[in-house]
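One structure is given here, and the rest of the page talks about it.
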2 protein chains.
Amino acid sequence: MSAAETTAVVDLLGVLAYAELTAFDRLAEDARLAPSLSGRAALARMAGAEISHHVCLVTRLTELGADPEAAMAPFVGALDTFHESTRPNTWLEGLVKAYVGDGLAADFYREIAEFLPEPDRTIVQEVLADTGHADFAVREVRAAIAADRRVAGRLALWARRLVGEAITRTQAVVAERDELGRLIIEGMGDLGGVARLIDRITSAHRVRMRALGLRD
Amino acid sequence: MSAAETTAVVDLLGVLAYAELTAFDRLAEDARLAPSLSGRAALARMAGAEISHHVCLVTRLTELGADPEAAMAPFVGALDTFHESTRPNTWLEGLVKAYVGDGLAADFYREIAEFLPEPDRTIVQEVLADTGHADFAVREVRAAIAADRRVAGRLALWARRLVGEAITRTQAVVAERDELGRLIIEGMGDLGGVARLIDRITSAHRVRMRALGLRD
């Protein structure tokens with residue numbers, strides 16, 4: 001790897017490592033909103049999966065000779081701000097955030113991982129694998145909408161707010177990290193590549209919204 | 001297993017399953033008091049280990065034909081009250097609670113597990129294995145005391161309060177669960193057995209306090 005490439009890889013692993021740590025935190029917090037002990041345990045289990053992903057990423061950062069704490073540091077502000085500004089008020093909002101928000105983020109990171117050399121491409125794909133959010137969230141949200149149709153409108157608005165915040169934060173982070181930005185732009189090739197990437201991410205987002213029974 | 005024995009085993013697995021779920025919660029909460037990202041990740045990792053223990057216990061409860069949620073329910077009140085009344089205010093108080101409090105509880109549960117039939121004896125011994133609390137807590141607390149001697153006195157008082165609360169709550173729980181109480185009393189045989197059990201638990205507690213650099 002060239003020095004610039006290493007910087008980009010360390011940046012991507014660093015942002016993901018901190019994202020997994022905040023995902024842990026958030027799922028642990030949302031677990032307390034659960035209406036039942038089994039719902040609470042389900043979210044706690046997902047949080048446990050996130051933290052093992054965090055450990056994988058930290059191990060890889062150490063192998064690359066990077067200091068994991070320093071690699072995460074540049075992304076703490078942006079991710080904390082995102083989570084502060086999108087703190088769920090209800091159990092269902094938490095589930096939508098975990099499914100729609102994390103789904104969108106995972107799609108984006110997976111696209112970037114395609115531009116990475118091995119073994120980092122595979123490591124990133126593995127830590128982004130679904131940890132059981134999907135089925136669980138879809139089941140709970142659909143059941144809630146079936147019980148009360150008005151829930152759907154409120155949750156659709158909430159999902160739209162999440163997506164808006166996520167895009168703003170991502171742009172801010174990428175703009176500040178030169179090598180990471182270059183990796184993405186070179187990987188995509190040209191404006192056509194950018195458009196296709198946005199298309200793929202948007203369609204996957206629509207599929208998730210429909211799975212929940214929400215209009216995008 | 002006789003019906004009474006099954007009830008006792010389900011009680012013990014139920015209280016432990018809920019204890020692991022609250023341990024997860026508490027470690028996740030205390031992780032936010034961490035003075036560094038690596039300390040925060042260390043506690044989050046321990047929380048992840050607790051939740052996999054919880055999953056083991058729930059699996060075993062299901063195998064025994066018990067409803068895990070119903071098995072945990074009788075212990076929710078006592079354990080929640082214990083944690084509410086011993087909520088750490090600082091990072092160090094959290095570590096002392098994890099090491100001294102969980103250590104004492106684990107010793108007690110391990111003693112009871114000796115009276116269980118297999119495979120439950122082994123399952124309980126496994127979920128009570130240390131998840132990395134010990135070394136981590138000892139290192140952090142000793143470093144803090146080395147930096148400021150006054151910390152030791154405050155933390156020793158805190159440990160004493162934890163032990164007092166733990167004993168009160170445990171007595172209340174055992175008194176309410178007939179079969180579990182009988183299992184313990186029959187297992188210990190006579191008053192001599194009770195005295196020896198208390199002796200063993202007390203000496204292990206002293207060893208932990210000394211390891212932290214605290215007077216018991």
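The values are calculated or read from the model by the stated rules, or taken from the named source; none is laboratory data. Just so you know, these numbers come straight off a predicted model, no measurement behind them. Virtual Cβ from ideal backbone geometry, glycine too; neighbours counted across all protein chains shown. Calculation scope for accessible area: heavy atoms of the full protein, side chains included, ligands and nucleic acids excluded. Shrake-Rupley method; radii C 1.70, N 1.55, O 1.52, S 1.80 Å.
Take the conditions (1) surrounded by fewer than 19 Cβ atoms within 10 Å (Cβ to Cβ); (2) farther than 30 Å from A:A42 by Cα; (3) touching a Leu at 6+ places or on another chain (Cβ under 8 Å); A:T168 misses just one of them, which is (3). In region B:147-159, what residues are free of Cβ contacts under 8 Å to residues at least 40 places away in the same chain and part of a helix (DSSP H, G or I)? Across region B:147-159, the qualifying residues are B:A147, B:R150, B:G153, B:R154, B:L157. None of B:T59, B:T22 is at pLDDT 90 or above and open to solvent by 40 Å² or more (accessible area, probe 1.4 Å) except B:T59. Being touching a residue at least 24 places away in the same chain (Cβ under 8 Å) and touching a Lys or Arg at 6+ places or on another chain (Cβ under 8 Å) is a property that B:Y99 has. Just one residue in the set A:V76, A:V58, A:V100 is closer than 23 Å to A:A152 by Cβ and of a type in the set (V, I, T); that residue is A:V100. Select from region B:179-216 the residues that are among the β-branched types (V, I, T) and open to solvent by less than 60 Å² (accessible area, probe 1.4 Å) and list them in ascending order. Within region B:179-216, B:I184, B:V194, B:I201, B:T202 meet the criteria. Of the residues making up region B:59-75, one or more are within 13 Å of chain A (Cβ to nearest Cβ) and within 19 Å of B:V163 (Cα to Cα). Scanning region B:71-93 for residues that are in contact (Cβ under 8 Å) with a residue 40 or more places away in the chain and over 18 Å from the mean Cα position of the chain (by Cα) yields a count of 2. Close Cβ contacts (under 8 Å, 6 or more residues apart or on different chains) running from residues in region B:32-44 that are closer than 18 Å to A:L16 by Cα to residues that are part of a loop (DSSP other than H, G, I, E, B) comprise B:R40/B:R32; B:R40/B:A34; B:A42/B:A34; B:A42/B:G132. For region A:28-44, taking the residues that are open to solvent by 40 Å² or more (accessible area, probe 1.4 Å) and in a helix (DSSP H, G or I), the one that is nearest to A:E93 (Cα to Cα) is identified as A:E29. For region B:152-189, the set of residues classified as within 14 Å of B:A105 (Cα to Cα) and either in contact with a Cys (Cβ under 8 Å, 6 or more places away or on another chain) or among the small types (G, A, S) (or both) consists of B:A159, B:G164, B:A166, listed by residue number. A:M72 meets all of the listed conditions (1) open to solvent by 30 Å² or more (accessible area, probe 1.4 Å); (2) touching a Gly at 6+ places or on another chain (Cβ under 6 Å); (3) among the hydrophobic types (A, V, I, L, M, F, W, C) but one, namely (1). When B:V96, B:V124 are screened for being open to solvent by less than 30 Å² (accessible area, probe 1.4 Å), under 13 Å from the mean Cα position of the chain (by Cα) and closer than 19 Å to B:A8 by Cβ, only B:V124 passes. Among the residues of region A:16-52, the one identified as of a type in the set (S, T, Y) and more than 8 Å from every other protein chain (Cβ to nearest Cβ) is A:T22.
State yes or no: is B:A113 closer than 23 Å to B:G213 by Cβ and more than 10 Å from chain A (Cβ to nearest Cβ)? When the stated conditions are applied, B:A113 does not pass them. Each residue in region B:127-140 was checked for being open to solvent by 50 Å² or more (accessible area, probe 1.4 Å), within 18 Å of B:A204 (Cα to Cα) and more than 12 Å from the chain's Cα centre (by Cα), and 1 of them qualify. As for region B:84-92, it holds no residue that is at pLDDT below 90 and of a type in the set (A, V, I, L, M).
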